[in-house]
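Every number in this text was worked out from the coordinates using simple rules, so none of it is lab data. All values reported here derive from a predicted model rather than from experimental measurement. No Cβ is skipped: glycine too gets one built from the backbone with ideal geometry, and neighbour counts run over all protein chains shown.
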Amino acid sequence: MVDDEQNILSALRRLLRSEGYRIFTANSGAEGIEILKKDAVDVVISDQRMPGMAGVDFLRAAKDIQPDCVRIVLSGYTELQAVTSAINDGAIYKFLCKPWDDAHLKANIAEAFERRHMANENRRLTEELQAKNAQLQVLLAERSDQVQIRSEALSVFHEVLDALPVGVIGIDAEGLIAFCNDTAIAQLPGYPIGLGQRADATLPADLLGNAPQTVVADTRLYITRAPLGRQSTSRGHLLALFTADTFRTTEGG
């Protein structure tokens, strides 16, 4: 609280003693500025007409030193015009008149503290949100790197599958074709194999039963079957198709 009249400061201190505030007092704007440079303050109350520095000039300086403090002018009604510009540019939150009504003044000061509390809470939430957002960006970057690595690994996996002399077909738990390499497509001419198609509507019936072999386009195919999910969350089964040439090529190599 800043006022050049000591009796005003004493009266305000008595009025607010029971409110639990930590109160600093100064008899001039210059003294008030020194306090603001040393101590964190939530609410500043200042007289307008003081020697050396007017209240609005002091409160503008207070805004520069501690931008978040709530600034109030407590002065005579005749001073209202002098502080209007400061109110308009945000240097002053409220203008309260002398002589004051005790209950009205206490209510306005409590409101000022609530305003400061809300500003602090908004800042805390904003900083927390920014921190969470920064963490999310790091996590997304890490996930992006992981996705890139997995994508590259998957591309290599598909290249390896297509290079195998063995036909490989994966069928998921719903009976849909999940993957199929080039060798399997070549081994099953006349069967329009496509990912996502129903296996029982696309593949030869012998492949879906328990037959160990079948003949397609005059070529005998030997069939092995294995369940998916031994080392992954995939469900379904895997078909591997061999020809007699496959065994001869393997043995010859």
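Among the listed values (1) 52, 35, 31; (2) 63, 45, 35; (3) 113, 35, 31, the one computed from these coordinates for Cα extents along the principal axes in Å is (3). With the cut-off at 25 Å, report for segment 6-123 the share of all Cα pairs above it, as a whole percent. I get 15 percent for the Cα pairs in segment 6-123 exceeding 25 Å.
What's the Kirkwood radius of segment 47-90 in Å, using all Cα pairs?
Across segment 47-90, the inverse of the average 1/r is 10.7 Å.
Its DSSP H runs of at least 4 residues, each contributing -39,500 (n - 2.57), put the calculated 222 nm mean residue ellipticity of the chain at -16000 deg cm²/dmol, to the nearest 500.
Spin-label model, Asp64/Phe157: points 7 Å from Cα along the beta carbon direction are separated by 6.5 nm. Applying 1/(1 + (r/R0)^6) with r as the Cβ-Cβ distance of Glu111 and Gln81 and R0 = 30 angstrom yields a FRET efficiency of 0.80.
Seen against the Cα atoms of the chain and their longest principal axis, helix 6-16 is set at about 50 degrees.
Taking N as the residue count of segment 110-253, its C-alpha radius of gyration divided by 2.2 N^0.38 Å amounts to 1.84.
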